[in-house]
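A.B. asks: Handing you this structure, nothing more for now.
The values are calculated or read from the model by the stated rules, or taken from the named source; none is laboratory data. None of the values given here were measured: they were computed from a predicted structure. Note that we place each Cβ from the backbone using ideal geometry, even for glycine, and neighbour counts take in every protein chain shown. Calculation scope for accessible area: heavy atoms of the full protein, side chains included, ligands and nucleic acids excluded. Shrake-Rupley method; radii C 1.70, N 1.55, O 1.52, S 1.80 Å.
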Amino acid sequence: MTDTAPDSSAMGFDSTAAMATGFVPAETGIDHVRGDEVAAVGQVEGAVHQGSGSINYFLAPASAPTSPRRSPREHTADLLGDLSARFVEGPGFITAEQRLQQPGTVVLTGDPGTGRRTAALMLLHRSGAGTSRFREVDVDGSDDDVDSFTVQSGERILLVMPDDNGESVQRRSKWLVNHHSAVRQAQAYLVVVCSSRAQHLLPDELIQQVCRLGRPQGAAVLTKHLAALGVTTWHADLTRHALADPMRDLARLAALIGQAKETADNDTDPAAWIAEGLAAYTEPVDHVQIPSNGRVRALTVMTALLEQARAEAVFTASESFLRSVRYPEDPIHPLEWVDLDHRLHDIEARVDKRRRVRFTKAAHGHAVLTYFWDRLPWLRTQLTAEINSVLGLRELDDGDRLRVARRFAAQSLRTGHTDDLFTAVFQWCQQRNLQWIGIQILADGLESDAGSVFRRQVYTWVTHRNLHRYVALALVRVCSESIAPTRPEQALVRLRHLTRNYDSEVASTAREALILLAKDDPAFLTRLLSQLCKDLAADPVKPTDVTLFTAVIDPRNLAQLTTSTLSAAADLTAEAWRVLLRRHQATWLTALEATLTAAAEHGPELLVSILLASCRNDKQIADTLFTGTRIVASRNSSISRVTGLLFIRMVIAESQT
């Protein structure tokens, strides 16, 4: 193992674990399929799914933590671009698209499985002159999350109302009532995904904006997904499913066929891929029967957990698991043991030419893991404890480790044991050589149906100011790269908490992340300044908030804004200074010196104008600013040009009142 993260392009995607269980979006099937990569975005309400049915879990490789950080703009652009290339319009979509050519709100309804959420994303993508950015409303997080939501001019917003009539729907309905007028005033675009049962909760003025979607042509959807996986052959048996099955199930079928193609020999007839995928698709996940022999069980579960890894690693993990559960030693001498390939053959697995192990049937590995997590619950604790030992095997490469972690995460989420998963993730993030896995699993979960569960957990962690350094640094990246793209206000809330961490490196890194997000997105900058105005008015004010404010208003950050955005940012900055200058001098004097120094280095005009605006029509604040500026000028001669300009402007302003 190494301390560096892997190149994600080298990591094989675990289609078996992902798609055999239906780990695809609840409404749409799949957001994109590219080669062996499958990405799904959705959300789950209430408790995490328990039982043997499906849960949607994102299992697509993301950029490795050591690679250059991608901006949120690129993140959502890729998502919407990939989705657009595979999208199939259904009945009613054109009408909705025409309505959203101008700012406003469209409400999408339709039967479950008709692709409402995908259609909503495509509407936002094509709205107005087109966009690569959107954000999703989440009212199930902390009070900080809900309070921080503000509608920005011209932005694209997605609100998904669950199909039930529970508390979550009520909260979203309340948000819609409170914010619909703000959407209109900001000339923004809002798409609401709403079930027929929840339509009565819509504001009266939105009833006329309802568009009912029909089911897209299943054959076209399945064909596009198969083509993305390199499968261009059609089979008559696919037609029956294409005509009736929900979009999410068609996506799962396509992925299972892709998995069969991946595991087949090069000369296998494509019809065989389809036949195997169909068999796995129609076979119940609980069909597995495993002998009670302990050694067979250990080899079977480790083969499922480590599928695609080298045979030696599977054997080592199997023996380690036997020792951890204190299974009796084999009385037969090792020289007389049956060879490993034959043992694997007996459990319906095979070793390929690279000595990597695969089950002979698509999705069989997931079925095995489901069997162990569901039918042998007394072994779950030992299996959970064994994960760290497995990840430490020297026989594994980084792609193997990521697949193991994702399979474990999928089972933990499926059965509702999020405590097992989050404990493991926390431990991984504490270790430099496994931190990247913790980051990736959090990123996966945040993009999944269980996203709200992960966001709440991240919030719980970041509010601890003594949070372990490596964990906190991992969460800075998770917030800025996985939460910020579609939920910027929630990223802001969590990163603000991290700027208050007792560890100076954590606080500095979180502060830099906020500044980078503000540079990338003017709307994020205005959100951040608006929040800082509130923070600086708090009693007592936190020094970390003053430090953050000073860094955010650097002239280089403000100079890149458009005229309209700059005006709003300047007003907010002036208001923040007005709040600060009413406090004791010790609170803001260092910040004033830093601001004037930045102005001297990068251009004084803007910040001088903002400082003047902060004391306009308030002689007491003007006197305070004048006194503070004199003190700063007396101890820092390098800013004399800026302080001189400020004094002159203040005198002129005074003479004009």
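A.B. asks: Sort Ser482, Ser530 by heavy-atom solvent-accessible area, probe 1.4 angstrom, most to least.
C.D. replies: Reading off the accessible areas and sorting them downward yields Ser530, Ser482.
A.B. asks: Under a Cβ-Cβ cut-off of 14 Å, what is the net charge of the residues other than Phe647 that fall near it, where Lys and Arg count +1 and Asp and Glu count -1?
C.D. replies: Overall, the nearby charge balance is +1.
A.B. asks: Something else about it: By the gyration tensor of its Cα atoms, with a ≥ b ≥ c the square roots of the eigenvalues, what is the shape of the range 419-565: rounded for a/c under 1.5, prolate for a/b over b/c, or oblate?
C.D. replies: Since a/c reaches 1.5 and a/b is larger than b/c, the shape of the range 419-565 is classed as prolate.
A.B. asks: Now, a different point. Rounded to the nearest whole Å², what accessible area per residue is found for the range 592-655 with the 1.4 Å probe?
C.D. replies: 50 Å²
A.B. asks: Given points 7 Å out from each Cα along the Cα-Cβ axis, report the Ala653 to Gln187 separation in nanometres with one decimal.
C.D. replies: Modelled inter-label distance: 3.0 nm.
A.B. asks: How many angstrom separate the Cα center of the range 436-496 from the Cα center of the range 514-557?
C.D. replies: Taking the Cα centre of the range 514-557 as reference, the centre of the range 436-496 is 20 Å away.
A.B. asks: Once you keep just the Cα pairs under 8 angstrom separated by 6 or more residues, what percentage relative contact order results for the range 505-657?
C.D. replies: This gives 21 percent for the range 505-657.
A.B. asks: Work out, step by step, the length gained on full extension between Arg641 and Arg469: first 0.36 nm times the residue separation, then minus their alpha carbon distance; give nm to one decimal.
C.D. replies: 57.8 nm
A.B. asks: Dividing the Cα convex hull volume of the range 180-251 by residue count, how many Å³ per residue is that?
C.D. replies: 125 Å³
A.B. asks: Additional query: What percentage of the solvent-accessible surface of the range 190-334, computed with a 1.4 Å probe over protein heavy atoms, is contributed by carbon and sulfur atoms?
C.D. replies: Roughly 51 percent, rounded to a whole number.
A.B. asks: Can you give the FRET efficiency for Ala271 and Glu329, using 1/(1 + (r/R0)^6), R0 = 45 Å, r = Cβ-Cβ distance, to the nearest 0.05?
C.D. replies: FRET efficiency, Ala271 to Glu329: 0.40.
A.B. asks: Now for a different question. Mind checking the full-extension length gain between Asp419 and Thr587? Use 0.36 nm per residue of separation minus the Cα-Cα distance, one decimal, nm.
C.D. replies: Result: 56.3 nm gained on full extension.
A.B. asks: Roll a 1.4 Å probe over the protein heavy atoms and report the accessible area of Arg295 in Å², nearest 10.
C.D. replies: For Arg295, solvent-accessible area is about 50 Å².
A.B. asks: If you average the C-alpha positions of the range 108-124 and of the range 344-359 separately, how far apart do those two centres end up, in angstrom?
C.D. replies: About 41 Å separates the Cα centre of the range 108-124 from the one of the range 344-359.
A.B. asks: How far apart, in nm, are the 7 Å Cα→Cβ label points at Glu312 and Ala279?
C.D. replies: Distance between the two pseudo-spin positions: 3.2 nm.
A.B. asks: Okay, moving on. For the range 332-408, what is the accessible area per residue in Å², given a 1.4 Å probe and the full set of protein chains?
C.D. replies: Ligands and nucleic acids excluded, the figure is 47 Å² per residue.
A.B. asks: For the pair Lys542 and Asp618, what calculated FRET efficiency results from E = 1/(1 + (r/R0)^6), where r is the Cβ-Cβ distance and R0 = 22 Å, to the nearest 0.05?
C.D. replies: Approximately 0.35, to the nearest 0.05.
A.B. asks: OK, next. If you take the square roots of the eigenvalues of the alpha-carbon gyration tensor of the range 255-316 and sort them as a ≥ b ≥ c, do you get rounded (a/c under 1.5), prolate (a/b over b/c) or oblate?
C.D. replies: oblate
A.B. asks: Whose amide H sits under 5 Å from the amide H of Thr105, counting only residues 5 or more places off or on another chain, with H placed in the peptide plane?
C.D. replies: Leu190
A.B. asks: Spin-label point model (7 Å from Cα, Cβ direction): what's the Trp337 to Asn293 distance in nm?
C.D. replies: Inter-label distance under the simple model: 1.4 nm.
A.B. asks: While we're on this one: For the pair Asp571 and Val177, what calculated FRET efficiency results from E = 1/(1 + (r/R0)^6), where r is the Cβ-Cβ distance and R0 = 22 Å, to the nearest 0.05?
C.D. replies: Plugging the Cβ-Cβ distance into 1/(1 + (r/R0)^6) gives 0.20.
A.B. asks: Right, something else. Only residues of the range 593-611 count here: report those whose backbone N is under 16 Å from the spot 7 Å along Cα→Cβ of Ala559, or say none.
C.D. replies: Under cut-off, by backbone N: 595-610.
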